[in-house]
Amino acid sequence: MEVTSIVFRNSGWRQALVACAMLLAAGCSTEKLPSKDPGAEIEAVAQTLIEQPLLHSASIGVVYRGETFIRHRGDMQAGRPGPPNDATLYEIGSLSKTLAGTLVAHAVLEGRLGLDDDVRRYLQGDYPNLQYQDQPIRIRHLLSHTSGLPNMLPERANAVLADFTDHRVPAELNALYAHYGKPEFLRDLHAVQITRVPGKDYAYSSAGTELVAHILEVVYQRDYEALLRGFFSESAAMPGARIRLDGAEASRLAVGYHSDNPLPTTPMPLLPWGASGGVKATVPDMVKYLQFQLANGPVAAESHRTLARFDEEFSIGYFWNIVAGDRQKGVYYAHHGGVPRSQCYIYIMPKHDLGIFVITNQSGDRTAQAMEAAIDTLVGKIVAREVIAGQPASP
């Protein structure tokens, strides 16, 4: 689920990249030579991040040329000593979508489904509405946000999220999803109206990701969370990634803050499947995910494959935003995640054999910008080190 503006959706990815470049350039004007210790640089970036207004704590996981680094800074609750640690479970929001895309890539490679399958093949009952002028919604359209489905189901959720920083948003979401499960989602799916040919126009859709999870359940005849935990535990050594938490796990869930509210807010409510924004994971889990992506095995490589190209610099794979044209980063794969009390980013940069995961336990309209600046600063330091060391970029 995506409840905050992201660079690839609302404000325009080009403008955000330009803003990030300006921030980096401003920082580099007084930057010292990079230190010999990447861990120290990551720690410095994390410290700078929590010095931003409203940010209480931050965690950063990095994989660089096979080495792994994790740094935690700040306190989870304002005024109470207690930093995040490797056992802290974070809500990773819409980064969950990339995990769902990975599962679809695995299913495609296994021959369980095809990207051009009509989604109605996996739905019981008639859904004549899931087409436009005889052009059906296909699985590739769900993965590339070109299906024409609304962002959220029920539709009321889109109105609630229109003013994300309103302090009433977390409570209204909790009430909306308290009794909204899979049957209600499929019921509301019957009422959706597709107003354009699928596959052409980008329109971010968490509802489309939830439908992907349903399709995976039909294909494998297993609960989506069981599929998720089984695959990532076995293939990426991520045993901690999960959607529902038991009592002991819930006690490790990060405290978080919504907008400028000084009081901690409630966790994101459970969505019908949780594929669009319900995954919880530790930073060590996410470092394993970075390693899985950078290893670029058959499943990861398939998930990075372009499914929809919007121009020379922006395309989408299996929910991955694929950005080209950045001389420093090279072609990279990225996604933002946001729930009412947490925001995060993941960047996969094959050019530098580099993966970065950044998360903070505050979610407001400036949180993403602060994290983007932190990531760009860190990338700038790493690139500077490579230039000094004469290290060649990865092909």
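The values are calculated or read from the model by the stated rules, or taken from the named source; none is laboratory data. For clarity, every value in this text was computed on a predicted model and none was experimentally measured. Counting neighbours? That spans all protein chains shown, and the Cβs are built from the backbone with ideal geometry, glycine included. For the accessible areas, the whole protein counts, side chains as well, though only heavy atoms, and no ligand, DNA or RNA atoms are used. Shrake-Rupley method; radii C 1.70, N 1.55, O 1.52, S 1.80 Å.
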> Do you know which of the residues in the range 292-316 that are assigned to a loop (DSSP other than H, G, I, E, B) and under 20 Å from residue 151 (Cβ atoms) is least open to solvent (accessible area, probe 1.4 Å)?
Replying inline: 307
>> Six or more apart or on different chains, Cβ atoms under 9 Å: show the pairs whose first residue is in the range 134-160 and free of Cβ contacts under 8 Å to residues at least 12 places away in the same chain and whose second is part of a loop (DSSP other than H, G, I, E, B).
In response: 158/150; 158/151; 158/152
> Going through the range 104-163 one residue at a time, which ones are of a type in the set (Val, Ile, Thr) and assigned to a helix (DSSP H, G or I)?
Replying inline: 104, 108, 119, 139, 160
> Do we have residue 386 as over 17 Å from the mean Cα position of the chain (by Cα), among the acidic types (Asp, Glu) and more than 17 Å from residue 301 (Cβ to Cβ) here?
Replying inline: yes
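Taking residue 93 as the residue in question, decide whether it is within 15 Å of the chain's Cα centre (by Cα) and assigned to a loop (DSSP other than H, G, I, E, B). Full working, then the answer.
On the way: within 15 Å of the chain's Cα centre (by Cα): yes; assigned to a loop (DSSP other than H, G, I, E, B): yes.
Judged against the criteria, residue 93 is a match.
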> Has the range 56-69 got at least one residue that is free of Cβ contacts under 8 Å to residues at least 40 places away in the same chain and either outside any strand (DSSP E or B) or closer than 18 Å to residue 258 by Cβ (or both)?
Replying inline: no
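Out of all the residues in the range 66-86, which are out of contact with any Pro (no Cβ under 8 Å at 6 or more places or on another chain) and more than 14 Å from residue 41 (Cβ to Cβ)?
Kept after step one, since they are out of contact with any Pro (no Cβ under 8 Å at 6 or more places or on another chain), are these residues of the range 66-86: 66, 68, 71, 79-85.
66, 68, 79, 80, 81, 82, 83, 84, 85 - these are the residues of the range 66-86 that are out of contact with any Pro (no Cβ under 8 Å at 6 or more places or on another chain) and more than 14 Å from residue 41 (Cβ to Cβ).
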> Restricting the search to the range 215-251, which residues are in a loop (DSSP other than H, G, I, E, B), within 28 Å of residue 361 (Cβ to Cβ) and open to solvent by 60 Å² or more (accessible area, probe 1.4 Å)?
Replying inline: 239, 244, 246, 251
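The rows are residues; the columns are (1) in a loop (DSSP other than H, G, I, E, B); (2) in contact with a helix residue (DSSP H, G or I) (Cβ under 9 Å, 6 or more places away or on another chain); (3) open to solvent by 10 Å² or more (accessible area, probe 1.4 Å).
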residue: 319; (1), (2), (3): yes, yes, no
residue: 336; (1), (2), (3): no, yes, no
residue: 345; (1), (2), (3): no, yes, no
residue: 351; (1), (2), (3): no, no, yes
residue: 355; (1), (2), (3): no, yes, no
residue: 359; (1), (2), (3): no, yes, no
residue: 372; (1), (2), (3): no, yes, yes
residue: 378; (1), (2), (3): no, yes, no
residue: 384; (1), (2), (3): no, yes, yes
>> Just to check your reading of the model, which residue among 254, 281 is surrounded by 21 or more Cβ atoms within 10 Å (Cβ to Cβ), farther than 30 Å from residue 119 by Cβ and among the small types (Gly, Ala, Ser)?
In response: 254
>> hydroxyl-bearing (Ser, Thr, Tyr) and over 23 Å from residue 343 (Cβ atoms): is that true of residue 306 in this structure?
In response: yes
> Does residue 73 count as crowded, with 18+ Cβ neighbours inside 10 Å and free of Cβ contacts under 8 Å to residues at least 60 places away in the same chain?
Replying inline: yes
> So which residues in the range 167-180 are touching a residue at least 60 places away in the same chain (Cβ under 8 Å), in a loop (DSSP other than H, G, I, E, B) and farther than 17 Å from residue 150 by Cα, if there are any at all?
Replying inline: 167, 178
> Considering 165, 146, which residue is closer than 28 Å to residue 368 by Cα, open to solvent by 10 Å² or more (accessible area, probe 1.4 Å) and among the hydroxyl-bearing types (Ser, Thr, Tyr)?
Replying inline: 165
> Looking at the range 189-214, which of its residues are assigned to a loop (DSSP other than H, G, I, E, B) and crowded, with 20+ Cβ neighbours inside 10 Å?
Replying inline: 198, 205
